[in-house]
1. Within segment 104-146, how many residues turn out to be under 19 Å from Ser80 (Cβ atoms), out of contact with any Leu (no Cβ under 7 Å at 6 or more places or on another chain) and of a type outside the set (Gly, Ala, Ser)?
2. Restricting the search to segment 83-115, which residues are surrounded by fewer than 15 Cβ atoms within 10 Å (Cβ to Cβ) and closer than 23 Å to Gly45 by Cα?
3. Assess whether Phe16 counts as being open to solvent by less than 20 Å² (accessible area, probe 1.4 Å), within 16 Å of ligand 1 (Cβ to nearest atom), touching a strand residue (DSSP E or B) at 6+ places or on another chain (Cβ under 7 Å) and within 22 Å of Val207 (Cβ to Cβ).
4. Pairs only if they're at least six apart or on different chains, beta carbon under 7 angstrom, first in segment 196-216 and more than 18 Å from Glu161 (Cβ to Cβ), second among the small types (Gly, Ala, Ser) and away from ligand 2 (no atom under 16 Å from the Cβ); list them, first residue then second.
5. In segment 116-142, which residues are surrounded by fewer than 15 Cβ atoms within 10 Å (Cβ to Cβ) and either among the acidic types (Asp, Glu) or within 26 Å of Asp155 (Cβ to Cβ) (or both)?
Amino acid sequence: MAHEAAALRLQGVNAFYGDSHVLRDVSFTLERGRVLALLGRNGAGKTTTLRSIAGLAPPRRGAIRYRGRSIAGLEPHAISRIGVALVPETRGIFSYLTARENLAIARRMASRWQMEAVLERFPALRERLGSPGRSLSGGEQEMLAIARALMTGPDLLLLDEPSQGLAPLVVNAVMDTIRELKAQHVSMLLVEQNAEMALQLADRVYVVDHGTVVFEGTPERLRADRQVTTTYLGVGG
Ligand SMILES: Nc1ncnc2c1ncn2[C@@H]1O[C@H](COP(=O)(O)OP(=O)(O)OP(=O)(O)O)[C@@H](O)[C@H]1O
Ligand SMILES: [Mg+2]
């Protein structure tokens, strides 16, 4: 039987900041075209997991495979070029470039998402194209960060707390975008503090705590597991 490699597979990933051991044997699999939610409280290691996949905090031990190919140790730009896009928690908008310039620098000819397509997806950005990044609201910056990632034409999108600090209307736009991308078979790793949003979108959920996976299952199983939701997510279940 021909075996199609998973979109992303982490096996025993250990990552450090200096001497500080942050990720401890993190393993998970994201199947192609699926949404995997990574949940956990502050400091659990969610951002570090995304940074290690994107090449910004390469693992000291363990394997990271993207579509069957080892990417641990590759430079961030090389990982980006083969179809992995990160939308960082801090959004990473260039303050002194206009919104249009922020998009233009990410543009790739091969992407199905060109300027017109992302502006249709996020109409609010159209009026802000000539404005410098620093003058955009938090919601506009988040939309711009996602739009910029889309313009690179990703097969795997890493989203770090896209709903953080956003008005409900913008959260809905972000959720619609994730659904649309899923329909296009883009694989997504969604890090969220907003467990409810993540559980509505995810096919599979992992919970991390102190850099270790403490739960793996379906959204339904997590919802039913009071022990996990109260201990690791700080919600009432
Ligand atoms: N640049 C850094 N240098 C040293 N330690 C760091 C650095 N970034 C994060 N850490 C530490 O690594 C651990 C994991 O942090 P990480 O940012 O991955 O957590 P997180 O789950 O994304 O948290 P949050 O929900 O607050 O975003 C924390 O203990 C944090 O203090
Ligand atoms: Mg984080």
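1. So the answer is 7.
2. Thr90
3. The answer is no for Phe16.
4. Val213/Ser27
5. Glu116, Ala117, Glu120, Pro123, Glu127
Table: residues versus (1) surrounded by fewer than 24 Cβ atoms within 10 Å (Cβ to Cβ); (2) modelled with pLDDT under 95.
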site	(1), (2)
Ala5	yes, yes
Leu8	no, no
Arg24	yes, no
Thr29	yes, no
Arg32	yes, no
Leu39	no, no
Asn42	yes, yes
Thr48	yes, no
Gly55	yes, no
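The values are calculated or read from the model by the stated rules, or taken from the named source; none is laboratory data. Here the structure is a predicted model, which is why all the values come from computation and not from measurement. Neighbour counts run over all protein chains shown; Cβ positions are idealised from the backbone, glycine included. Ligands, DNA and RNA are stripped out before the accessible areas are found, and what is left, the full protein with its side chains, is counted by its heavy atoms. Shrake-Rupley method; radii C 1.70, N 1.55, O 1.52, S 1.80 Å.
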